[in-house]
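These notes are about the structure you will find just below.
The values are calculated or read from the model by the stated rules, or taken from the named source; none is laboratory data. What you are looking at is a predicted structure, and each value in this text was computed from that prediction instead of being measured. In this analysis, Cβ positions are derived from the backbone assuming ideal geometry, glycine residues included, and neighbour counts consider all displayed protein chains.
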Amino acid sequence: MVLSLGAQGGENKPPGSTRRFSFSATLPCGRPTGHDRVMDRPRAINLHPVVLWLAVALIGIHAARQFVGEATDETLLLTFAFIPDRYSSIGEMLPGGEGARYWSPVTYAFLHADALHLLVNIIWMASFGGALARRFGTVRFLLLSLASAVAGAGLHYVMHRNDGGLVIGASGAVSGMMAATARFAFSPNGPLAGGRSAAAFGVPAEPLLAAFRNRRAVAFVLVWFAVNIIFGLAGSLTPGVSGQIAWEAHIGGFLAGLLCFPLLDPVRGGPLPGERLAS
């Protein structure tokens, strides 16, 4: 989730796939060597490297903030969080000045209010981002995540101009990952439509209009929007949530994922080769 935090005073401070290699040499007695057992062992953490390293970065940043003073952390938040009021006449008086107007629509995604906020985003990123990274590869995955984070900040700005609240959290980007994954996962033989092999991640995606005739895809989108709007309106009444949920940033990121997917999708009318799927 992305949280929107109040701007006044200290009391409102926010708190791939696995390649399998098999080497078998037959000894004179006909028994395979031990290489089969060693080389065929799966990885302990079966995540695409880019997703794993993003999770490590998010955890590292949040952990580092726990060891700085309250004043320093507040300065960090005011410098790198997305603040709609930064684009008004008082923006230059905020930490980061003019430069923060350009970097904060991205850097806000690396900040989280608390451990629960961070954990929820990492779980959803691992679930949907892992599938997307397996299909897209590192560079395309990062480009879509970047576009979704910026779009999330942009829609929040449109809805809350001249608001001094801080927006933090990776959910704009994660929402884009979820939308992009839905573009192919519900296609025939996709990972969520009966596909069981690695080839399921390389099925051609349906065009957007055709996807909205797919009952599973439509149900996913409707449930996603309903949950986000309900939690957004409930705000701080939701157990375990501190601060308001910036649901507009979620929707902005989700729409960006839907629309940017065909621009970055490497699959053009046929499944990806196995080598690319495992990259």
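Descriptive notes on the structure:
- Restricting G97, G154 to those that are surrounded by fewer than 19 Cβ atoms within 10 Å (Cβ to Cβ) and at positive phi reduces the list to G97.
- Residue in region 142-150 that is over 10 Å from the mean Cα position of the chain (by Cα) and buried (at least 24 other Cβ atoms within 10 Å of the Cβ) present: no
- The single condition from (1) within 30 Å of R213 (Cα to Cα); (2) assigned to a helix (DSSP H, G or I); (3) touching a helix residue (DSSP H, G or I) at 6+ places or on another chain (Cβ under 7 Å) that S127 fails is (3).
- Contact map, region 237-255: first residue on the phi > 0 side of the Ramachandran plot and buried (at least 17 other Cβ atoms within 10 Å of the Cβ), second residue modelled with pLDDT of 90 or more and not acidic (D, E), Cβ cut-off under 8 Å, separation 6 or more or different chains; pairs are G243/A113.
- Selection count where residues are within 17 Å of the chain's Cα centre (by Cα) and not polar (S, T, N, Q), scope region 157-174: 7
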